[in-house]
Amino acid sequence: MSESTKGVSPHQVGEAWEEFVQEQVYPEPNTKAKEDYRNYENPARETVRAFYEENHRKQTYEFVQAKRAEFLQLNRSQMSVFEACDYLNTLVDDSDPDIDLDQLQHLLQTSEAIRADGHEDWFVLVGLLHDLGKVLCLYGEPQWCVVGDTFPVGCRFSERIVYSEYFNQNPDSRDPRYNTKLGVYREGCGLRNILMSWGHDEYLYHVMKDYLPEPALYMIRYHSFYAWHREHEYDWLCDDHDRAMLPWVKKFNPYDLYSKSPNPPNWEQLRPYYTDLINKYLPAAIAF
Ligand SMILES: [Fe+2]
Ligand SMILES: [Fe+2]
């Protein structure tokens, strides 16, 4: 774990980040921020700030290329979805017992909320899968290159990215190859040709890319790209296919952010349904 986040478990940072995004950065329309949000004494909040400072300083174009080379061969393990879920949940077992929503509960609550609204089965499956890329934490990766908002590298950082002021510590912001509006890219080249900051979204996209319909892959790959799907930045890098997929990414987001349920779904009861769903789309062993 890095210096600035040591003493706080990976899960605590992920949890604090998601609450932060939900409550302050992108609150649900017409709702008031939670009262306890103003508790800046909460060490987890300071951790979120420190997290972004480190993330924005270190996610450079070169760093992302190195991480892709390191992880995208997908030769670390072969796991079923259930094994990956169980594996991800070991993250929680090591962390603060006060946290009320473990990783598996977040995935299940997301998928069950999607199912309750009558969406297509692959959409439900995205709910269950979308954060499985956080297994990167279990490979020893620090939080700042697993979770958090994602953004393109290799071109100017948008001011609409959360805590964008910390990008002035990123060497790419002073590099003339990377600090113009288009940077190393061509106008309208399409997001598939853009390097995104490294994290669980991009990683899981590569794990799942042979198995799921295109809108599902967009939801997985860009669900933390708030500057695009919430702030409508970076349209100059998009092509018409990206624009056609954007509504799907936006449709997924509320389920990710606002589906905390007072009655937690029971994994054991739901297992038969999800077993069939997983078997319909995915092989028994998936390369991670
Ligand atoms: Fe996520
Ligand atoms: Fe999530």
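Read-outs: derived from the displayed coordinates by stated rules, not from any lab. In this text, all values refer to a predicted model and were calculated from it rather than measured experimentally. Here Cβ is always computed from backbone atoms with ideal geometry, including for glycine, and neighbour counts include all displayed protein chains.
Just a few scattered comments:
- Sites listed here are trypsin sites (Lys or Arg not before Pro) in the stretch 174-272 whose DSSP assignment is loop and whose Cβ has at most 10 other Cβ atoms within 10 Å: R186.
- Neighbour net charge for A84 - beta-carbon separation under 15 angstrom, K R +1, D E -1: -1
- Length available on full extension from R160 to Y211: 0.36 nm per residue minus the Cα-Cα distance, which gives 15.1 nm.
- Chain lengthening between N89 and H232 when straightened (0.36 nm per residue, less Cα-Cα): 48.1 nm
- Calculated FRET efficiency, R192 to Y258, Cβ-Cβ distance, R0 = 41 Å: about 0.90 to the nearest 0.05.
- Modelled label positions at A287 and H241, each set 7 Å beyond Cα in the direction of Cβ, lie 2.1 nm from each other.
- Loop GluC sites (Glu not before Pro), the stretch 119-178, which have at most 14 other Cβ atoms in a 10 Å radius of their Cβ (DSSP): E120, E159
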